[in-house]
Amino acid sequence: MNRALAAWQRMEGKPFGKALFSRVICWKAPYFGSISPRIEEFRPGFARVSMKKRRAVQNHIGTVHAIAMCNLAEMAAGTLTEISIPASMRWLPKGMQVEYLKKAETDVEAHATVGAVTEGASQDVPVTVEVKNRAGETVVRAVITMWVTPRKKS
């Protein structure tokens, strides 16, 4: 089992487990810490990551900044890819297509999904992410293309 998924499964049901796990992810990838994300649900094929609307992630009109939501989408997609690909493979983000559908005036959460990834040759893997407001309305839709390749043998 993937180390990140195993850690999640050990921690998710414990007091402060989700918050602590999310902090560990931000320690490994410090830029994500700028949005203070929290992983809420995490399993191969699906991840749900939340972000509170707070001053540090707002734009000049008081809504959640578009790039903060891109950061949230990338975190959801990256952590999801990590636990969804075969252990013999590794990944890097290759590109992102984003649609800003409406202003985000509340806390938001990213719902990331990815299909099955086959072991073997290098491949583009699209991860779909929908960022939703508290009412469940999609405010941002993104497709993040992950470049998935075999791990180098040491």
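Each part gets one Cα centre, and for segment 49-94 versus segment 13-47 those centres are 11 Å apart. Of the residues Glu74, Glu40, Glu109, the one that moves most in a GNM of the chain with alpha-carbon contacts below 10 Å is Glu40.
In a shell of Cβ-Cβ distance under 11 Å around Pro150, excluding Pro150 itself, what net charge do Lys and Arg (+1) and Asp and Glu (-1) give? Before the final figure, lay out the partial values.
Working: positive: Arg90, Arg151, Lys152, Lys153; negative: Glu119.
Net charge around Pro150: +3.
Within the shell of other residues whose beta carbon sits under 11 angstrom from the beta carbon of Glu82, the net charge comes to +3, with Lys and Arg scored +1 and Asp and Glu -1.
Straight-distance candidates among the aspartates and glutamates for linking to Lys102, with alpha-carbon spacing under 18 Å and chain neighbours fewer than 8 residues away dropped: Glu130, Glu137.
Using the Cα centre as the reference, give the magnitude of the dipole from point charges on the C-beta atoms of segment 1-52 (Lys, Arg: +1; Asp, Glu: -1; all else neutral), rounded to the nearest 20 debye. Provide the component values of the computation, followed by the final result.
Values: 10 positive and 3 negative charges, 20 e Å.
Once rounded to the nearest 20, the dipole reads 100 debye.
Would you compute, from DSSP H runs of 4+ residues alone, the mean residue ellipticity of the chain at 222 nm, taking -39500 (n - 2.57) per run and dividing by the full residue count, rounded to the nearest 500? It would help to have the intermediate numbers written out before the result.
Values: 3 runs with 40 residues, N = 154.
Helices in the chain give a 222 nm mean residue ellipticity of -8500 deg cm²/dmol.
With a cut-off of 14 Å between beta carbons, the residues surrounding Val49 carry a summed charge of -1, where Lys and Arg count +1 and Asp and Glu -1.
Would you work out the relative contact order for the chain, in percent, from Cα pairs under 8 angstrom that are 6 or more residues apart? Relative contact order for the chain comes out at 22 percent.
Straight-distance candidates among the aspartates and glutamates for linking to Lys18, with alpha-carbon spacing under 14 Å and chain neighbours fewer than 8 residues away dropped: Glu40, Glu41. An ellipsoid equivalent to the chain, defined through the eigenvalues of its Cα gyration tensor, has semi-axes of 26, 18, 13 Å when rounded to whole angstrom and sorted largest first.
Extension gain, Tyr31 to Ala66: 0.36 nm times the residue separation minus the Cα-Cα distance gives 11.0 nm.
Of the residues Thr138, Pro44, Trp27, the one whose Cα sits farthest toward the positive end of the charge dipole of the chain, with +1 on the Cβ of Lys and Arg and -1 on the Cβ of Asp and Glu, is Trp27.
Each value in this text was obtained by applying a stated rule to the coordinates, not by laboratory testing. For clarity, every value in this text was computed on a predicted model and none was experimentally measured. Cβ: placed from backbone, ideal geometry, glycine included. Neighbour counts: every protein chain shown.
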